[in-house]
Amino acid sequence: MPPTIALMKEFARDVARTVGQWGTSRRFLLSGLATCTLLSMGACESVITRLSLQAAYKPQTHKSVQMQGAQRLWAGDMNFHISPPDDPKRIRRTLRESVDLLSKSGLDFVFVTPQIPARFWDSADQFERVRREWSSIQQTMSSMSDKLPLIMVGAEYVDDKNGSATIVGVDIPKALNEVSREDLKTNPTAFINLLWMRGALVYLNTPLATPLKAPVDSHQRYNSVDRSWKPMTKPSAGYPKDILAINNVYDGMEAYSVPLSVWRDQYVQGDPVASVGAVMSRLDLEIIRKKRRLIPIGGSDSRSSLIRPTIYIAAPERTPEALRQGLTQGRVCVRSPLPCGLRVFADDQPVAAGVGDHIVAQQHIDIRWEGGEGELFRNAESVGTFEGRTLQPTSRSECHIYRLVVDGGYSAPFYVNCPALAPARP
């Protein structure tokens with residue numbers, strides 16, 4: 001006779017307690033998920049949520065990181081889902097529960113990114129839904145309490161076959177009022193190009209997350225589904241025009257994704273930073289190839305009770321304008337705040353530069369940071385590990401892209417002698 005719902009939920013709590021006592025090793029993950037064959041879907045999702053919460057990296061507070069001048073460090077998340085407009089079947093909390101979660105999160109800012117299906121203009125109903133619901137969510141979020149994080153509304157543009165991108169920093173309903181559905185059907189690149197020209201910032205989500213073979217997976221299938229950006233992992237000319245438009249203008253990549261870090265990296269590969277390390281190296285190489293700045297971002301892909309600070313932005317104040325400028329200038333760290341406190345001195349000059357800056361140095365740069373041993377990367381390759389400081393030789397004829405990894409966190413690049421690099425977007 002099948003177990004009762006109450007018994008199944010009690011069994012789920014027992015599994016979760018075991019995980020809490022023994023740690024989130026792959027062995028206990030397998031044990032916990034195996035029990036899901038005996039549980040209702042709701043109880044199974046409860047086990048999975050508890051496993052995720054136990055395993056997700058918990059960074060130290062950003063408030064102790066010393067910044068330069070008027071800059072302050074703000075902690076946030078760039079992939080947070082709310083229903084509506086998101087599909088309620090995929091979001092395991094109400095709007096009120098989402099607001100309560102944000103109020104207790106300790107975040108300074110959050111980008112709400114409901115999903116927009118790729119080529120939504122092909123359907124009249126979908127087109128009107130996006131115009132209506134994005135306007136509604138903007139009004140709802142702007143009316144929220146000042147006690148919440150600064151909430152900014154963007155979108156996750158999703159093509160299940162080819163990948164997804166985060167779009168922030170633009171009024172989507174206003175842009176849609178400037179173009180008709182027929183215009184978009186005639187010119188599929190118009191939506192992306194219009195948003196970009198209106199100031200949108202576009203980031204490729206989980207760009208290298210190709211499938212892994214694993215005995216188990218979460219209900220969101222972070223291992224078995226190919227979530228990569230296909231124009232990057234399977235280059236060809238045969239992609240939809242809107243996807244190719246994104247591929248031409250994107251501003252950066254989602255380097256740190258909490259669920260990928262937990263389910264794909266930690267549980268399956270045994271390395272919780274496998275994905276972030278790979279994406280950061282690819283970011284360096286793409287900067288060199290494209291000769292323009294690209295910025296890493298972080299997201300929790302929060303759909304239930306899991307929320308973490310995933311990205312830190314240096315800005316003088318917590319406003320949409322200041323945070324946007326911090327993003328475009330690359331004053332960013334992901335996963336942990338400590339790398340954002342690095343200081344770079346050129347040729348013994350007394351004034352320090354920081355993350356995101358372009359530095360001109362004749363002979364050497366002196367890089368310093370707090371937090372103990374850190375690993376320095378130059379042009380996607382490790383230079384070595386150092387205890388809080390390193391002196392690196394320079395040449396005016398050689399452009400180098402540097403990054404620091406310390407305390408499990410990754411800085412965005414800073415640039416040394418790179419005059420040909422395109423300036424940051426305004």
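With I307, I297 as the choices, which residue is within 28 Å of I91 (Cβ to Cβ), of a type in the set (A, V, I, L, M), touching a residue at least 12 places away in the same chain (Cβ under 8 Å) and assigned to a loop (DSSP other than H, G, I, E, B)?
I307
Residue check, T390 against (1) surrounded by 17 or more Cβ atoms within 10 Å (Cβ to Cβ); (2) in a loop (DSSP other than H, G, I, E, B); (3) free of Cβ contacts under 8 Å to residues at least 60 places away in the same chain, all met but one. Which one?
In the conditions (1) surrounded by 17 or more Cβ atoms within 10 Å (Cβ to Cβ); (2) in a loop (DSSP other than H, G, I, E, B); (3) free of Cβ contacts under 8 Å to residues at least 60 places away in the same chain, T390 misses (2) alone.
With modelled with pLDDT under 95, surrounded by fewer than 20 Cβ atoms within 10 Å (Cβ to Cβ) and of a type outside the set (D, E) as the only criterion, which of A43, A70, A124 stands out? Even if it seems obvious, please write down each step before you answer.
Working: A43 fails: surrounded by fewer than 20 Cβ atoms within 10 Å (Cβ to Cβ); A124 fails: modelled with pLDDT under 95.
Going through A43, A70, A124 in turn, just one is modelled with pLDDT under 95, surrounded by fewer than 20 Cβ atoms within 10 Å (Cβ to Cβ) and of a type outside the set (D, E): A70.
Just one of the numbered conditions (1) closer than 30 Å to G76 by Cα; (2) assigned to a loop (DSSP other than H, G, I, E, B) is not true of L194; which one?
Unmet condition: (2).
Which residue is surrounded by the most Cβ atoms within 10 Å (Cβ to Cβ), if the candidates are limited to the stretch 131-150 and must be over 16 Å from V170 (Cβ atoms) and basic (K, R)?
R132
Sort through E128, E133 and tell me the only one that's free of Cβ contacts under 8 Å to residues at least 60 places away in the same chain, of a type in the set (D, E, K, R) and more than 14 Å from D86 (Cβ to Cβ).
E128
Considering Y239, Y250, which residue is at pLDDT 95 or above, farther than 19 Å from L327 by Cα, assigned by TED's automatic domain parsing to the domain that holds P188 and buried (at least 16 other Cβ atoms within 10 Å of the Cβ)?
Every option except Y239 fails the conditions.
A quick yes/no check of all residues on (1) assigned to a loop (DSSP other than H, G, I, E, B); (2) farther than 21 Å from D301 by Cα; (3) among the hydrophobic types (A, V, I, L, M, F, W, C):
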site	(1), (2), (3)
S218	yes, no, no
R221	yes, no, no
S224	yes, no, no
P235	yes, yes, no
D242	no, yes, no
I246	no, no, yes
E254	no, no, no
L260	no, no, yes
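Check off (1) closer than 25 Å to S64 by Cα; (2) free of Cβ contacts under 8 Å to residues at least 40 places away in the same chain for Q363 and give me the number that stays unchecked.
In the conditions (1) closer than 25 Å to S64 by Cα; (2) free of Cβ contacts under 8 Å to residues at least 40 places away in the same chain, Q363 misses (1) alone.
It is to be established whether one or more residues within the stretch 145-159 are in contact with a strand residue (DSSP E or B) (Cβ under 6 Å, 6 or more places away or on another chain), farther than 13 Å from R119 by Cα, hydroxyl-bearing (S, T, Y) and not in a helix (DSSP H, G or I).
no
The values are calculated or read from the model by the stated rules, or taken from the named source; none is laboratory data. Model, not experiment: these values are computed from the prediction. Positions of Cβ are generated from backbone atoms using ideal geometry, with glycine treated the same way; all protein chains shown enter the neighbour counts.
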